[in-house]
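The values are calculated or read from the model by the stated rules, or taken from the named source; none is laboratory data. Please read these numbers as outputs of a predicted model, since none were measured by experiment. A quick note on method: Cβ atoms are made from the backbone with ideal geometry, for glycine too, and the neighbour counts reach across all protein chains shown.
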Amino acid sequence: MSAAATTGTIGTTAHSVVESSSRGKWLAGLVVVAYALITLIPLVWILATSLKSPPDSISYPPKVIFEPSMEGYVNLFTTRSRQTEEYIENLGPAETWYDEIVRKRNMVIVGPSRFLDRYFNSVVIGFGSTFLAVFLGTLAAYGFSRFKVPLKDDLLFFILSTRMMPPIAVAIPIYLMYRTLGLSDTALGMILLYTAVNVSLSVWLLKGFMDEIPREYEEAAVVDGYTRLQAFWKVVLPQARSGIAATAIFCLIFAWNEYAFALLLTSGNAQTAPPFIPIIIGEGGLDWPAVAAGTTLFLLPIVFFTVLLRNQLLRGITFGAVRK
Amino acid sequence: MTDRPSDSLTDRVARATPGVVVQKVRGLSDTAIAWLFISPTILLLLAINIFPLIWTVYLSFTNYRANRPGRPIEWVGTRNYERLLGSEDIWGYLQATAHFVVWTMVIQVVIGLSLALLINRNFKGASFWTTVILIPMMLSPAVVGTFWTYLYQPQTGIFSYIINLFVAVGPVDMIGSVDLAPWSIIIVDTWMWTPYIMLLCLAGLRSIPEYLYEAAEIDRANAWQKFWYITLPRIMPFLMLAVLFRGIENFKMFDMVVELTSGGPGSITEVASINLKREAFEKWRTGYSSAFAVILFVTVFGLGNIYVKALNKVKQ
């Protein structure tokens, strides 16, 4: 980040100042690293729990060193039924490693669980709504960035204010509206809804990115005989590519994480992963490794994207107002 | 923000080019393009945000129940609002919300600002560790709430275990105890969102020009004076922005609390949104809960207005 250069330049002052400031730096680093490590404990613990056997996950004192097991992941992806020991002995030797894990608990796999469906729903709804939100946002942002629009500030405020709305407050009529239109519990309904939630962020962020693209490029293109639309398509869009990518990732993360609407408006068909993960506990009777496994698989993509986006985060969380 | 008057780009170019080209340049008029580009977004928001909102306002004056669609809707005037504001319980829910909002903001500002000041010292590896600290902020609040119920298990959880390493108090029942439950959600929110405050403070710190400190150095200002007269006023707009945004978000907090305590024990952590969900989707008192939704929305909208003003101020 950019401040390193500015604070590093006072090195020419008296020796004692440099000495104390380097010790200060060392101390500051120590405190920050300690805080970061504490922050990591819950995440590391969840990852570790996903690799524990159910008895290990509820032992006291908590086991830091344990024998890794894939039982959590197997339980996450399967539904099982309990059988008598004789029944299992009569089945003959287990054919796969996951059959073997399950049989040790006197169970047999009867089929896949619904986790993959829920995860797949999250992917479809996440990408679908992201595509739409970024598409609409790009057009609107260009409109606001380059043209004189009457009541521009009011419109922009209106767009942002829709994001402030408490989801539960509009959930009642949306529930009624979707029931009438046959959109409740459908992927299409959720895609439209998440697009509406994300488009505000998309417009504000992309307007910031577009404002940074010099107008001279388009003016030159227009002089060369491009129409305004051609200039937008062939000059502005390629310039805005990285901004559009960052915006898309933000929209994807928010759609991926959304819970309130998913809880209230979806059930058997279009349910996404966030309302499903807590239910895993009930299905397996305090099966924490399976919950942890689901959580791990759900959170890993976000951790990856967060690291990827680290330099744009500030922009994303302030709707493009704060750049660096 | 650069908002140069820009409507006349093609006009200006057209005036400067020979007549033959003008035809080609014009294509669509600027106004047409602007509305073509902006209106889909506005229409979508009108359909999925404003229309439902108006419907909520209408329902708040009726005795409608969404689980009995056949029943005729009766206009009841302001009765829902009177019942709402007259009920003692509502103040309890708002109090739970206020307790949550105020404490999370106070704690997160103190920790977030301190962390930002430390990170701004630019020790080796600062940017790596900053990224690590940022991770919880982007995670799904509902899923975070779920896995913290595991960490908070009184008999076997790691939270209770770590507390007992320092003070032997026996099993710590964060979620089940009336005294501790409000703090259980504050701790999780702090874990998740302190990075937000930190990141904005850091942006504020980095916007301060170095010469201000050099001038203060010449005037023999001590460290405390530098902080009080230079650093704090300069990062104040950023801090305000962070507190407003997080304050609004926490005022309508739902996901994390539902999964963590679902309002319990009793209704100790039943914050406004959770109560609203119960009234609307469990008791199906649609009219009554719509009135509550309107009140919440007006509050959030008012705060949001202040937030946007702060946003525009920081932008400049």
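Some notes on this structure:
- Subset tally (residues that are over 13 Å from A:Leu263 (Cβ atoms) and assigned to a helix (DSSP H, G or I)) for segment A:158-173: 11
- For segment B:109-121, the count of residues that are in the same structural domain as B:Ser273 (by TED's automatic domain parsing) and in contact with a Lys or Arg (Cβ under 9 Å, 6 or more places away or on another chain) is nonzero.
- Among residues of segment A:108-138, those that are buried (at least 21 other Cβ atoms within 10 Å of the Cβ) and farther than 20 Å from A:Ala187 by Cβ, counted: 2
- Residue count, segment B:127-140 (criterion: crowded, with 21+ Cβ neighbours inside 10 Å and either more than 7 Å from chain A (Cβ to nearest Cβ) or of a type in the set (Gly, Ala, Ser) (or both)): 2
- Scanning segment B:166-190 for residues that are farther than 30 Å from B:Leu134 by Cβ, touching a Pro at 6+ places or on another chain (Cβ under 8 Å) and not acidic (Asp, Glu) yields a count of 4.
- Some residue of segment B:160-180 being without any contact (Cβ under 8 Å) to a residue 24 or more places away in the chain and either under 18 Å from the mean Cα position of the chain (by Cα) or at the interface with another protein chain (Cβ under 7 Å from one of its Cβ atoms) (or both): yes
- Between B:Ala280, B:Ala221, the distinction of being in the same structural domain as B:Val102 (by TED's automatic domain parsing), assigned to a helix (DSSP H, G or I) and either touching a helix residue (DSSP H, G or I) at 6+ places or on another chain (Cβ under 6 Å) or over 30 Å from A:Leu264 (Cβ atoms) (or both) belongs to B:Ala280 only.
- Per-region count, segment B:193-241, residues aromatic (Phe, Trp, Tyr) and within 13 Å of chain A (Cβ to nearest Cβ): 5
- Which numbered condition A:Asp185 fails, given (1) free of Cβ contacts under 8 Å to residues at least 60 places away in the same chain; (2) charged (D, E, K, R); (3) farther than 19 Å from B:Ala32 by Cα: (1)
- Filter pass, A:Val44 being of a type in the set (Val, Ile, Thr), over 30 Å from B:Trp193 (Cα atoms) and either surrounded by fewer than 17 Cβ atoms within 10 Å (Cβ to Cβ) or over 32 Å from the mean Cα position of the chain (by Cα) (or both): no
Listed here are the residues, each with its yes/no results for (1) hydrophobic (A, V, I, L, M, F, W, C); (2) buried (at least 18 other Cβ atoms within 10 Å of the Cβ); (3) not in a helix (DSSP H, G or I).
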| site | (1), (2), (3) |
| --- | --- |
| B:Val178 | yes, no, yes |
| B:Ser184 | no, yes, no |
| B:Thr190 | no, yes, no |
| B:Glu214 | no, no, no |
| B:Phe227 | yes, no, no |
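- Output for segment A:111-159, where each listed residue is β-branched (Val, Ile, Thr) and in contact (Cβ under 8 Å) with a residue 60 or more places away in the chain: A:Val124, A:Ile125, A:Thr130, A:Val134, A:Thr138
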